Amino acid sequence: MLRVDSPEFHEPALLALLNLAVKDEKNKINIVEAGALEPIVSFLTSQNPNLQEYATASLLTLSASPTNKPIISDCGTIPLLVNILRDGTPQAKADAVMALSNLSTHPDNLSIILKTNAMPCIVDLLKTCRKSSKIAVKCSALIESLVGYEEGRIALTCEDGGVLAVVEVLENGSPQSREHAVGALLIMCQSDRCKYREPILREGVIPGLLELTVQGTAKSQPKARTLLQLLRESPYSRPEVEPDTLENIVCDIISQIDGDDQSGKAKKMLAEMVQVSMEQSLRHLQQRALVCTPSDIPITNCASQVSSK
């Protein structure tokens, strides 16, 4: 049905295959082995927006299979998905970025994505989507992978509002997207601190990083602390007489920031962070106290035995 020269068959065939592939690894592989990729990929350039959408959704589902990833990229699919990301319908763009995110986990595909100049399209989608959405997770994950290459880092910083879009995800995204966002900024700063420190600081990243150090996930907390260290004027530790505490690190950074707005926000966030940390510690102590009741302490029983003797 995909191959026949009758357009009315194409849409129902795509939808049928899409339904068969969802949550079924074996069907994903069988569909590709049956030769469906060539017609599906060809529909990415169709003038029919519905066909484009269904084809993109099909590739999103098929690309979730590790077996299919290299086969799909070998068909020249990645540049076509980037074109969809640039000019497609909103739904097709969302599916395209998720398909690219799936394909990016195959080692050879990241360099192909970089060559297609995908970063501006990814940043544009990240700017317009809800920062807590699944699309933001996939965009920030892709950016984190791409900035592992110098071409990706240059592309992000050259894109107007590129670093700011990542900082906004770091501040307002879901826990998973915040992990990717702080990971991307950390990779940049670790690769060339002198080059990327100022572009990151300029976008007001400090308050979001402070919040992550306390309320972030187990992965994002240490990344946020390490990035704060690198954003200091000097990334090296202070002498032992002056402990290298988070407060000292933040004060160092705040003293270098131009503009009262970010400095005030950072100081306020630091105070709130300390308050949250104290409240968490107090709750932890209260929980410990509840667990350790007198009836649970073995020495009580020993004392009663001694007195009875």
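Within region 188-215, can you find the residues that are within 23 Å of residue 133 (Cβ to Cβ) and either open to solvent by 10 Å² or more (accessible area, probe 1.4 Å) or assigned to a helix (DSSP H, G or I) (or both)? Selection gives 203, 204, 207, 208, 209, 211, 212, 215. For residue 62, are the conditions met, namely being buried (at least 24 other Cβ atoms within 10 Å of the Cβ) and more than 24 Å from residue 8 (Cα to Cα)? It is false that residue 62 is buried (at least 24 other Cβ atoms within 10 Å of the Cβ) and more than 24 Å from residue 8 (Cα to Cα).
Count of region 19-37 residues, restricted to those that are under 22 Å from residue 83 (Cα atoms) and at pLDDT below 95, is 0. Restricting attention to region 6-34, the residues being part of a loop (DSSP other than H, G, I, E, B), more than 21 Å from residue 77 (Cα to Cα) and under 30 Å from the mean Cα position of the chain (by Cα) number 2. If you take the residues of region 130-164 that are closer than 24 Å to residue 89 by Cα and charged (D, E, K, R), which of them is most open to solvent (accessible area, probe 1.4 Å)? Selected residue: 130.
Apart from one condition, residue 254 fits all of (1) at pLDDT 90 or above; (2) assigned to a helix (DSSP H, G or I); the exception is (1). As a summary of the residue check, residue 152 satisfies the conditions (1) over 27 Å from residue 43 (Cα atoms); (2) over 13 Å from the mean Cα position of the chain (by Cα); (3) not in a helix (DSSP H, G or I) except for the one numbered (3). All of (1) assigned by the TED database to the domain that holds residue 200; (2) open to solvent by 70 Å² or more (accessible area, probe 1.4 Å); (3) farther than 24 Å from residue 198 by Cα hold for residue 127 with one exception: (3).
Just checking, does region 165-181 include any residue being farther than 22 Å from residue 212 by Cα, open to solvent by less than 20 Å² (accessible area, probe 1.4 Å) and in the same structural domain as residue 210 (by the TED database)?
no
Taking the stated definitions as given, is residue 119 buried (at least 16 other Cβ atoms within 10 Å of the Cβ), of a type in the set (A, V, I, L, M) and in contact with an Asp or Glu (Cβ under 7 Å, 6 or more places away or on another chain)?
yes
The values are calculated or read from the model by the stated rules, or taken from the named source; none is laboratory data. Nothing here was measured: the structure is a model prediction, and the numbers come from that model. Every residue, glycine as well, gets a Cβ built from its backbone with ideal geometry; the counts of neighbours run over all protein chains shown. Note: areas computed on protein heavy atoms with side chains; ligands, DNA, RNA excluded. Shrake-Rupley method; radii C 1.70, N 1.55, O 1.52, S 1.80 Å.
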